[in-house]
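Visitor: Below is the structure I would like to discuss, written out as structure tokens.
What follows draws every value from the coordinates through simple rules; no lab data is involved. Source: prediction; values computed, not measured. Please note: Cβ atoms are built from the backbone with ideal geometry, for glycine as well, and neighbour counts cover all protein chains shown.
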Amino acid sequence: MTEHGERYTPELAVDLRIPTQPRISPDGLFIAFGVNPIGHRDKDQTSTIFVVPTDGSAAPRAITDSDHNNVAPRWSPDGATIAFLSDRPERGKAQLHVIPANGGEPLRLTGLEGGVAEPAWLPDGRSLAFTARRRALAGEPEPKSDIKVASEKPRPRGIAVVSTTGGPATMIGPRDGHVGAFSISPDGTHIAAVVTPTDLLDSAWDNARLLLCALNGSNEREMARFTGSPGAPTWSPDGRQLVLIGSRLPNLDDNNVYVIDITSGGITVLDDRGMTPNWVGFDGDDLLVHQVHIQHTHIVRTDPSGDEWDQLSLGDAVDSGWIESGLNIDSRNVTLAFTCAQTNRPPDVYVSSLGDSAIRLTDLNPHLSQCALAEMEPLEWQASDGTTAHGWLLLPPAATITTALPLIVAIHGGPSWQWGNWFHGTWHDWGQLLAVAGYAVFMPNPRGSTGRGGAFTNANQFDFGGGDFDDIMSGIDMLVARGVADPDRLGICGWSYGGFMTAWAITQTDRFKAAVAGAAPTNWVSKIGTTDIRPFNEWNLGQVNAEPDRVWERSPMRYVANVTTPTLIVHGEADVRVPVTQGTELYLALRALDVDTDMIAYPRQGHAFTERAHQLDLLERLLGWFDRYL
């Protein structure tokens with residue numbers, strides 16, 4: 001922590017630079033990765049692809065422009081060329097390009113309606129596979145009418161290949177459905193693909209199939225079925241096994257590592273051991289698993305049967321930081337690339353020879369070293385029913401508690417997510433911004449959070465606002481008893497599920513003097529009836545058609561007459577996950593009750609905000625609201 005320095009501001013928060021998708025060259029000597037601003041200055045996003053030597057001998061070098069969205073770098077098998085996606089032909093529509101690894105002029109390989117995704121080299125290095133809309137691959141035009149027909153909304157994608165010298169793309173399969181992710185076998189003869197009926201998220205409910213087929217799409221067979229969105233499949237070096245992370249009913253949030261034998265079709269499900277796996281890959285005959293244990297990340301090595309587990313140490317900086325999912329191992333199974341954040345530093349790119357201390361290869365936000373930032377203290381407490389809960393406390397930089405501080409509770413989304421020891425100073429993660437403004441910040445991980453295995457993540461099914469709410473309120477009581485929190489100056493805020501819990505809290509208690517509800521579900525009956533993830537919400541809350549009272553009973557709007565807390569409501573107008581009308585319902589109800597309230601709706605923004613101006617406005621209003629009432 002820098003005790004005396006510049007104040008961390010919303011302007012700094014929306015100007016952070018974030019690395020994405022590090023990929024190691026086949027010889028292990030270089031890493032290609034993307035860098036994008038956290039706040040984009042226009043409605044269309046931008047990102048730049050860099051290359052950096054793995055020994056840290058030189059600074060990262062840009063190989064693309066920064067005026068377009070250049071993403072998903074993929075090394076050719078010989079390491080001479082990098083494939084990537086870019087919207088330089090038409091903003092917002094990604095097409096496949098290749099560029100010499102040492103820089104030069106990119107060659108565009110596709111020009112398909114709706115763009116392409118998921119680029120992957122074939123082992124021979126002469127062709128690239130990708131996904132694209134089936135209609136575009138068939139040469140069929142998209143409907144030109146702006147009339148929205150529900151049955152025509154799906155745009156399923158299939159897998160196609162194109163030569164690295166250009167030419168027409170060829171559809172290779174699977175027969176039907178939408179391919180969300182796929183992987184080509186090491187010998188280039190087969191494809192493993194995660195396929196759902198359509199590209200709409202609600203069609204993935206208990207209907208995500210892992211399919212195996214020949215490279216030309218023939219001999220298709222189903223290997224396994226999952227619910228939700230399983231991770232991308234990964235082949236073993238010998239092509240005999242596949243691994244992925246997914247879940248299957250009856251437990252949607254019970255993510256596990258699945259090891260699938262290609263020949264027999266046998267499936268081994270590894271015990272989560274009270275943790276949450278986020279990524280899995282092969283290290284020779286063994287597996288590497290990235291997992292969250294309580295509130296920290298680890299990388300562990302295990303055999304495919306899960307009998308023995310060995311936690312890797314990657315050096316103090318990484319072991320004490322937050323390793324992000326999406327790691328990459330080179331083809332020789334020697335080098336590991338990943339991004340890792342610290343409590344006082346957003347993610348940077350790291351590299352490690354497996355088991356050795358990692359080297360940090362980037363310094364994307366050097367100015368933060370001059371900022372006074374809060375430290376994060378891990379917390380543990382008991383809820384009223386005896387459940388052990390965990391979370392974090394941030395205090396104003398260099399604060400010495402002589403009198404209790406105003407406390408703001410920040411609740412994460414999900415609920416199957418968590419607060420970890422990363423940098424909480426973005427448009428979405430508000431801990432540092434609130435702490436440097438003078439508040440104590442409490443970030444709980446109540447039941448329903450990840451990091452403690454599937455049983456804990458499933459613990460608030462059909463109980464939103466029950467045990468999870470008690471976990472939060474018990475944590476506040478603990479901080480009041482410690483003398484940290486002033487019980488007369490409590491605030492609450494959150495996004496998505498955190499927004500729901502904020503709206504729920506103000507209908508259940510008058511202890512909070514100010515609230516900010518972001519993208520908040522406020523009426524589960526209408527939310528489930530208008531969202532893009534209806535089956536997932538119903539799994540958590542109940543079937544609206546069959547048991548509407550059960551769903552209504554856990555809706556903040558049912559109890560809105562109890563609210564006295566001044567509440568700011570913020571929402572993206574283009575949010576399909578939690579439609580903006582959820583915010584409108586709460587806002588109009590509070591106005592009718594003469595409760596201090598306001599609602600800010602941001603044009604073009606979805607469930608996640610991307611435009612810098614809107615991110616900045618949100619953060620300034622957040623701080624202004626709490627300053628006004630606390």
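Visitor: Quick one: grab Rg to one decimal and Dmax as a whole number for the range 348-418, Cα atoms only, in Å.
Guide: Rg and Dmax of the range 348-418, Cα atoms, are 17.8, 49 Å.
Visitor: Residue-wise, which Karplus ³J(HN,Hα) couplings in Hz belong to the range 57-65, taking 6.51 cos²θ - 1.76 cosθ + 1.60, θ = phi - 60°, and x for glycine or proline?
Guide: Per residue, the Karplus-derived 3J(HN,Hα) values read 6, 8, 6, x, 10, 6, 10, 10, 6 Hz.
Visitor: Among 542, 605, 593, whose Cα sits farthest toward the positive end of the charge dipole of the range 542-617 (+1 at Cβ of Lys/Arg, -1 at Cβ of Asp/Glu, about the Cα centre)?
Guide: 542
Visitor: Specify the inter-centroid distance of the range 60-131 and the range 461-510, based on alpha-carbon positions, in whole Å.
Guide: 46 Å
Visitor: Same structure, new question: Exposure proxy check: 412, 367 ranked by fewest other beta carbons within 10 Å?
Guide: Least crowded to most crowded, the residues run 367, 412.
Visitor: Under 20 Å from a point placed 7 Å out from the Cα of residue 375 along the Cα-to-Cβ direction: which residues of the range 431-449 have their backbone N that close?
Guide: Residues 431-444 fall inside that zone.
Visitor: Then there is this: Quick one: what are the phi-derived ³J(HN,Hα) couplings along the range 28-42, Karplus 6.51/-1.76/1.60 with θ = phi - 60°, whole Hz, x for glycine and proline?
Guide: Running phi through 6.51 cos²θ - 1.76 cosθ + 1.60 with θ = phi - 60° gives x, 8, 9, 10, 9, 7, x, 9, 10, x, 6, x, 8, 7, 10 Hz.
Visitor: Once you have the Kirkwood Rh of the range 298-428 from its Cα pairs, apply Stokes-Einstein at 4 °C and 1.567 mPa s and quote D in µm²/s.
Guide: The diffusion coefficient I find is 74 µm²/s.
Visitor: Å³ per residue of the Cα convex hull, for the range 371-629?
Guide: About 118 Å³ per residue, rounded to a whole number.
Visitor: Moving to a separate point now. Arrange the following residues from fewest to most other Cβ atoms within 10 Å of their Cβ: 549, 272, 468, 176.
Guide: In increasing order of surrounding Cβ atoms, one gets 549, 176, 272, 468.
Visitor: Still on this structure, please answer the following. Can you put 319, 124 in order of Cβ neighbours within 10 angstrom, beginning with the fewest?
Guide: Working: 319 18, 124 8.
Ranked by crowding around the Cβ, least crowded first: 124, 319.
Visitor: Let me ask something else about it. Given 0.36 nm per residue, what is the gain on full extension from residue 621 to residue 153 after removing their alpha carbon distance, in nm?
Guide: On the way: separation 468, 0.36 × 468 = 168.48 nm, distance 3.58 nm.
This chain segment gains 164.9 nm when fully extended.
Visitor: May I pose another question? Assign unit charges at the C-beta atoms only (+1 for Lys and Arg, -1 for Asp and Glu), then state the dipole size of the chain relative to its Cα centre in Debye, rounded to the nearest 20.
Guide: 1420 debye
Visitor: As a test, work out the antiparallel percent of DSSP beta bridges whose residues both lie in the range 371-629, rounded to the nearest 5.
Guide: 30 percent
Visitor: Turning to a different aspect of this structure: Among rounded, prolate and oblate, which fits the range 1-104 when a ≥ b ≥ c are the square roots of the eigenvalues of its C-alpha gyration tensor, a/c under 1.5 means rounded, and a/b larger than b/c means prolate? Don't skip to the answer; put the middle values down first.
Guide: On the way: a/c = 3.10, a/b = 1.33, b/c = 2.33.
Oblate, because a/c is 1.5 or more while a/b does not exceed b/c.
Visitor: Within the range 118-151, list the residues whose amide N lies under 13 Å from a label point set 7 Å along Cα→Cβ of residue 187.
Guide: none
Visitor: Continuing with this model, one more query. Quick one: compute a quarter of the convex hull surface over the Cα atoms of the range 224-302 and quote it in nm².
Guide: So the mean shadow area of the Cα hull is 5.2 nm².
Visitor: Still on this structure: If the chain between residue 316 and residue 214 were fully stretched, how many nm would it gain, using 0.36 nm times the residue separation less the Cα-Cα distance?
Guide: Full-extension gain reported as 32.2 nm.
Visitor: Per 10 Å bin, what is the whole-percent P(r) computed from every C-alpha pair distance within the range 461-540?
Guide: 17, 46, 26, 10, 1
Visitor: Let me ask something else about it. With n ≥ 4 as the cut-off for DSSP H runs, can you work out [θ] at 222 nm for the chain, using -39500 (n - 2.57) per run divided by the number of residues, rounded to the nearest 500?
Guide: Counting only the DSSP helices, I get -4000 deg cm²/dmol.
Visitor: Here's another thing I want to ask about it. Based only on Cα atoms, what mean projected area does the convex hull of the range 127-272 have, in nm²?
Guide: Convex hull of Cα atoms, orientation-averaged projection: 10.2 nm².
Visitor: Enter the Cα centre distance for the pair the range 260-296 and the range 178-256, rounded to the nearest angstrom.
Guide: The two parts, judged by their Cα centres, are 15 Å apart.
Visitor: Mind listing the long-range amide H neighbours of residue 607? Cut-off is under 5 Å, sequence gap 5 or more, other chains count too, H placed in the peptide plane at 1.01 Å from N.
Guide: 576, 577
Visitor: Say the dipole of the chain comes from +1 at the beta carbon of Lys and Arg and -1 at that of Asp and Glu; which of 109, 567, 336 then lies farthest toward its positive end?
Guide: The one lying farthest along the dipole's positive direction is 109.
Visitor: For labels at residue 588 and residue 44 in the simple 7 Å Cα→Cβ model, what's the distance in nm?
Guide: 3.7 nm
Visitor: Tell me, what is the FRET efficiency for residue 600 and residue 532 to the nearest 0.05, using R0 = 30 angstrom and their Cβ-Cβ distance as r?
Guide: 0.85
Visitor: Starting from the amide H of residue 283, placed 1.01 Å from N in the peptide plane, find each other amide H under 5 Å away whose residue is 5 or more places distant or on another chain.
Guide: Those qualifying (amide H under 5 Å, at least 5 residues apart or on another chain) are 288.
Visitor: Under 5 Å between amide H atoms, partner at least 5 residues away or on a different chain: which partners does residue 361 have, H built in plane at 1.01 Å?
Guide: Answer set, sorted by chain and number: 349, 350, 351.
Visitor: Something else now. Angle between the Cα long axis of helix 612-629 and the longest principal axis of the chain, 0 to 90 degrees, nearest 10?
Guide: 20 degrees
Visitor: If you don't mind, another one. Using a simple charge model, +1 on the beta-carbon of Lys and Arg, -1 on the beta-carbon of Asp and Glu, nothing else, what dipole does the range 43-112 show about its Cα centre, in debye to the nearest 20?
Guide: Working: 7 positive and 8 negative charges, 36 e Å.
The calculated dipole for the range 43-112 is roughly 180 debye.
Visitor: Given the range 358-512 reduced to its alpha-carbon atoms as identical point scatterers, what log10 I(q)/I(0) does the Debye formula return at q = 0.14, 0.17, 0.21 Å⁻¹?
Guide: Log-scaled intensity ratios, in q order: -0.68, -0.97, -1.39.
Visitor: Would the range 590-630 count as rounded, prolate or oblate if I go by the C-alpha gyration tensor, calling it rounded below 1.5 in a/c and otherwise prolate when a/b exceeds b/c, oblate otherwise?
Guide: Oblate is the answer for the range 590-630, as a/c is 1.5 or above yet b/c matches or exceeds a/b.
Visitor: Of 518, 453, 481, which is farthest towards the positive pole of the range 450-527's charge dipole, taken about the Cα centre with +1 and -1 on the beta-carbons of Lys, Arg and Asp, Glu respectively?
Guide: The residue sitting farthest along the positive end of the dipole is 518.
Visitor: Under a point-charge model restricted to the Cβ atoms of Lys and Arg (+1) and Asp and Glu (-1), what is the dipole moment magnitude of the range 371-629 relative to its Cα centre, in debye to the nearest 20? Numbers along the way, then the final one.
Guide: Numbers: 17 positive and 28 negative charges, 44 e Å.
Using only the charged Cβ atoms, the result is roughly 200 debye.
Visitor: I've got another one for you. Could you give me the radius of gyration and the Dmax of the chain, taking only the C-alpha atoms into account and expressing both in angstrom?
Guide: Calculated on Cα positions, Rg and Dmax stand at 24.4, 72 Å.
Visitor: Moving to a separate point now. Can you work out ³J(HN,Hα) from phi for every residue in the range 147-156, in order, using Karplus 6.51 cos²θ - 1.76 cosθ + 1.60 and θ = phi - 60°, giving whole Hz and x for Gly and Pro?
Guide: Computed from phi, the couplings for the range 147-156 are 6, 9, 9, 4, 5, 9, 5, x, 10, x Hz.
Visitor: Which of rounded, prolate, oblate describes the range 500-630, given a ≥ b ≥ c as roots of the alpha-carbon gyration tensor eigenvalues and a/c under 1.5 marking rounded, otherwise prolate only if a/b is larger than b/c?
Guide: Numbers: a/c = 2.31, a/b = 1.22, b/c = 1.89.
Because a/c hits 1.5 or more and a/b fails to exceed b/c, the range 500-630 counts as oblate.
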